[in-house]
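Written out below as structure tokens is the structure these notes cover.
A short reminder: the numbers here are calculations on the coordinates, not readings from a lab. Since the structure is predicted, the reported quantities are computational estimates derived from the model, not experimental observations. Cβ atoms come from the backbone with ideal geometry, glycine included; neighbour counts cover every protein chain shown.
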Amino acid sequence: MNELKRNAFSDRLRLDGDSLRRTPLWMRLGAILLGLFVVVAIVLVALHYWTTTTARGRGAGQNGPVPVNVATVAQGDVNVTIDGLGAVTPLATVTVHAQVSGYLNKFDVVEGQMVKAGQLLAEIDPRPFQATLDQAKGQLARDQATLAKDTTDLGRYQALWQQKAISQQIYQDQIGTVGADKGTVVADKAAVETDRINLEFCSITSPVAGRVGLRQVDPGNLVSNGATAIVVVTQLQPMSVLFSVPEDSISQVMQQVNAGAKLSTTAYDRSMTTKIADGSLSNVDNEIDPTTGMVKMRAMFDNTNLTLFPSQFVNIRLLLTTLHDQTYVPAAAIQHGAQGTYVYSIDKNHTANMQAVTTGPTDGDKVAITKGLNPGDIVVTDGADRLSDGKAVLLPGTKAATGGAYSAPATQPAAGTGTGKGKWKGQHRHGHHHHQQGGDQSKSQGGSP
């Protein structure tokens, strides 16, 4: 059966081959040309569609309104600050040494423990020092008894000398003996005090309040007087930060300091985004570093939550003063060019107008404007690189027509969210501006008139 199927299939192939050879050549060539024509036509139609779409898109991008984000010019407080890089520097970092030589018996604290000033840290074997103290006390008692005896004899010699029963020399010798005994007693008292102090040194205590670091020696070791470090204690509360500011700013700082003002400081992390702690300026160095042109300053922080860690690098923002009722915009709205500093303001016809401005102090994302804008004006915060003077803009919440022409919305929606880093609030209506400000910063919202 399988052999019959194979023979039938071979016969069919021979018939198809014979039919193809019997087809005229011009018909075969015509079929090939027809297929090539269909392929070329498809390619030409696709290329024409792509070219038309691209040209239409370019025309819409060049002639249509430019999408932008906006913010409302606000009015409020602007802080005048100076920023500087600093390092967290403890007021006291004490390496505790052994003050007597002996075997270290034990530690009374664990590594990383918070301790108070005077708290017991470790103990040295006190027995040799206790024996020395007892010996000194015995010597003192003996010499005190000798002094008492010689003093009594001096009284008798004085009476006998007055009666002319003894010579003056014997009397004077006794006076000398009593004086020597007094000196010996004084020396013995000093020896007793020294031995008592050495015995107290066997109990090693913390000189400051702070955190105990890693121990430098293990119990059982022989420690030497002044040569063996036991442990390091670092004071963490309060904590200071040493930071530097340019010498050009020192006059502003000293003007406030000399007037008796207490300047507040804020510590931020390396990226200047996360606030760590609030403090105040403590002191200003008495000279400018000639190699860097910087002035060192010290800021003090309570460090209640122990957020500042020794040798940590932080950014310090020093507040000099606060300017009230200032007109300000997000920093993203400020543009710089050959003509100076400017912004793009949006009028009621949704047209961008290049407006020259004079800037004042910068407070984070807020830039004070001393001339050129009024509170309630609308400025561009994103998309200014595609704008020119008199260019139509597309505000958030509005739509453009299919051909790229501008189409205003039928209603006046609330302002959309801008892209400035600060938070700004604003609403824009036909014929007037309405501004709402919350706190020192507000949310950027651009609306369509």
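Tabulated results
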{"quantity": "Footprinting exposure proxy for Glu200, Glu287 (fewest neighbouring C-beta atoms within 10 Å first)", "calculated": "Glu287, Glu200"}
{"quantity": "Relative contact order for segment 126-201, counting Cα pairs under 8 Å that sit 6 or more residues apart, in percent", "calculated": "53"}
{"quantity": "Global form of segment 262-330, assessed from the alpha-carbon gyration tensor, a/c cut-off 1.5", "calculated": "oblate"}
{"quantity": "Kirkwood-Stokes translational diffusion coefficient of segment 219-301, alpha-carbon pairs, 4 °C, 1.567 mPa s, µm²/s", "calculated": "82"}
{"quantity": "Taking Tyr342, Tyr328, Tyr268 and counting other C-beta atoms within 10 Å, the order from fewest to most", "calculated": "Tyr268, Tyr342, Tyr328"}
{"quantity": "Residue-count net charge about Val100 - beta-carbon cut-off 13 Å; Lys, Arg +1, Asp, Glu -1", "calculated": "-2"}
{"quantity": "Ala159 versus Leu34: modelled label distance in nm, points set 7 Å from Cα along the beta carbon direction", "calculated": "16.3"}
{"quantity": "Ranked list, fewest to most other Cβ atoms within 10 Å of each Cβ, for Thr177, Thr273", "calculated": "Thr273, Thr177"}
{"quantity": "Inverse mean reciprocal Cα-Cα distance (Kirkwood Rh) of segment 126-201, Å", "calculated": "13.9"}
{"quantity": "Across Lys275/Lys366; Lys275/Lys371; Lys164/Lys189; Lys371/Lys391, pairs whose alpha-carbon gap is larger than 29 Å", "calculated": "Lys275/Lys371; Lys164/Lys189"}
{"quantity": "Phi to ³J(HN,Hα) by Karplus 6.51 cos²θ - 1.76 cosθ + 1.60 over segment 325-338, Hz, x for Gly, Pro", "calculated": "6, 9, 7, 9, 9, x, 4, 5, 7, 7, 10, 10, x, 4"}
{"quantity": "Length-normalised contact order for segment 158-288 - Cα pairs under 8 Å, 6+ apart - percent", "calculated": "12"}
{"quantity": "Those trypsin sites (Lys or Arg not before Pro) in segment 353-390 that DSSP places in a loop and that have at most 13 other beta carbons within 10 Å", "calculated": "none"}
{"quantity": "Residue-wise HN-Hα coupling along segment 142-159, computed from phi with Karplus coefficients 6.51, -1.76, 1.60 (Hz; x: Gly, Pro)", "calculated": "5, 5, 5, 5, 4, 4, 4, 5, 5, 5, 5, 5, 5, x, 5, 5, 5, 5"}
{"quantity": "Qualifying aspartates and glutamates (Cα of each under 17 Å from Cα of Lys296; at least 8 residues distant if same chain)", "calculated": "Asp83, Glu247, Asp248, Asp285, Glu287"}
